[in-house]
Amino acid sequence: MFDIRKSVFWRSLILALCLAVPVAAQAQETKTAQRATPEDINARAAKVAVLDVQRILREAKAMKNIRDQVSQLRKTYQGEIEKKQEELRKENEDLRRKRTILSPDAFDEERRKFDQKVAEVQRLVQTRNQQLDRANAEAVIEVQKVYNQIVVELANERSYGLIFRKSATVVVHPPIEVTPEVLARLDKRLPTVSVTVSPPKK
């Protein structure tokens, strides 16, 4: 009858992490460039790196941890919804049996009450979806913060002028790919993230 749809995990994650270089990194680069000599700027501009964001989405420990928690929450909510669905099916069968013994007005009143319960379950499905999406998005933001910090640190440590997304490149020379380093630092610094479901807003 009703079903809890899958979380928009990938959509919110891609929005959070798919920047070629975080805004914070760009701002810091601007400040550094203002103090640097033309020779320093040219040398740094010549240094580029490539980052496979999709691999980070798949393999980062924090991302796997978030997916596991969201999946478990979805199963819990689905069980809750299925229980209410079964109650509605039984009530609907009982209402059909009463149709022949109730007066039209009495039957209409029973039907109205049943329709209200159906609407309540529909609202519950919507609420649970919203709670999952919000909890997922908030957890992803925590990963984004650490991810941004790591990319900024790496760019400064190695004096990269640009860091491109791998999906936006045609040919990549392996030594300039920094994905393994970013992934290792992210896994060490943030192996887990708590997915917290907030109560529905009234």
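Structure above, values below:
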read-out	value
Check on V140, in contact with a Ser or Thr (Cβ under 7 Å, 6 or more places away or on another chain) and at pLDDT 90 or above	yes
Count of residues meeting criterion [within 30 Å of V48 (Cβ to Cβ) and free of Cβ contacts under 8 Å to residues at least 40 places away in the same chain] in region 113-148	1
Residues within region 52-100 that are assigned to a helix (DSSP H, G or I), of a type in the set (S, T, N, Q) and without any contact (Cβ under 8 Å) to a residue 40 or more places away in the chain, tallied	4
Residues being at pLDDT below 85, among the hydrophobic types (A, V, I, L, M, F, W, C) and touching a Gly at 6+ places or on another chain (Cβ under 8 Å) - total across region 42-70	2
Residue within region 94-116 that is under 30 Å from S71 (Cβ atoms) and of a type in the set (A, V, I, L, M) present	no
Members of region 159-182 that are more than 23 Å from A62 (Cα to Cα), at pLDDT 75 or above and in a helix (DSSP H, G or I)	I176
Selected residue (criterion: farthest from I141 (Cα to Cα)) from residues of region 183-199 that are among the β-branched types (V, I, T) and at pLDDT 95 or above	T192
Some residue of region 122-145 being surrounded by 12 or more Cβ atoms within 10 Å (Cβ to Cβ), of a type in the set (S, T, Y) and within 22 Å of E59 (Cα to Cα)	no
The lone exception for K117 - which of (1) under 22 Å from Q72 (Cα atoms); (2) outside any loop (DSSP other than H, G, I, E, B) it fails	(1)
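The values are calculated or read from the model by the stated rules, or taken from the named source; none is laboratory data. Values in this document were obtained by computation on a predicted structure and should not be read as measured data. No Cβ is skipped: glycine too gets one built from the backbone with ideal geometry, and neighbour counts run over all protein chains shown.
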